[in-house]
Structure formats: structure tokens, C-alpha cells
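Working notes, structure below.
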Amino acid sequence: MFIVHVFVHVKENAIEAFKAATLENARNSVQEPGIARFDVIQQRDDPAKFVLVEVYRTSEDPAEHKKTAHYAQWRDAVAEMMAEPRSSIKYANVFPDEAGWD
């Protein structure tokens, strides 16, 4: 598995619009064969901060995800909502190993 955490800080007045656009993207993303999981989490003590937890089956799958129409629509829709540029950290799973994933 190849895991990406995307850190997003949105403008205060864009929180609900960001959530709506991101949930639509997530619903479509989990339909992709290369995506095992796609979580959208919101920070409790600062609701303008989110983390997208994207779990891909291979390290090539993020590039395939970025070719989809729903990703392009999300990227363009949320561009002006950002309080600062989003960032990401890439991870490899240690446990469970791939045999433990569905």
C-alpha cells in the first residue's frame, strides 16, 4: 500500500464549500480500482484544517487518480478556498502488511 496524507488549511468562509467539494471527490475516488481507502478528516480544535488520508494499492495509483475528471473538478473548485498551499506526506504501511488488506 502507498498512503498519502494531504494537509489542507482552508479559508474560514470556505469550510462548508470545501467539505461539499471534497466529499464529492472522495465518493468518486473510492470507486477507482487503485484506491483502497479515502478518508476526509477535519481537525476538531481548528475546523478550517483537514487531512485527506488516501490509501492506494500501488505507488503508481496516485498518478492515475490525478488523471480523473473528478479530481480535476475538485482541484479547480477548491483552489481559491485555500488559506495556504496544501502539502502532503507519503507513507508505506508497516502493519497490517498487504496480505492483511482486503
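Throughout, read-outs are computed from the coordinates displayed, never taken from laboratory work. Remember, predicted model here, so these are calculated numbers, not experimental data. Cβ atoms come from the backbone with ideal geometry, glycine included; neighbour counts cover every protein chain shown.
Worth a mention:
- The range 33-88: C-alpha gyration tensor shape, a/c 1.5 cut-off, then a/b vs b/c: oblate
- Ranked Met82, Met1, criterion: other C-beta atoms within 10 Å, fewest first: Met82, Met1
- Anchor Lys90: lysines whose Cα lies under 17 Å away (excluding residues fewer than 8 positions away in-chain): Lys66
- Shape of the chain, Cα gyration tensor, a/c cut at 1.5: prolate
- From least to most packed, judged by other beta carbons within 10 angstrom and beginning with the fewest, Lys67, Lys49 follow the order Lys67, Lys49.
- Each residue of the range 43-57 was assigned a 3J(HN,Hα) from its phi angle through the Karplus expression (A = 6.51, B = -1.76, C = 1.60, θ = phi - 60°), giving 5, 5, 8, 8, x, 8, 10, 10, 10, 9, 9, 10, 10, 9, 6 Hz with x at Gly and Pro.
- Cα long-axis angle, helix 15-29 against the chain (0 to 90 degrees, to the nearest 10): 20
- Phi angles across the range 85-90 convert, under the Karplus curve 6.51 cos²θ - 1.76 cosθ + 1.60 with θ = phi - 60°, into 3J(HN,Hα) values of x, 6, 9, 8, 10, 9 Hz, Gly and Pro given as x.
- For Asn93, nonlocal amide neighbours, meaning residues 5 or more places apart or on other chains whose placed amide H falls under 5 Å from its own, are Ile3.
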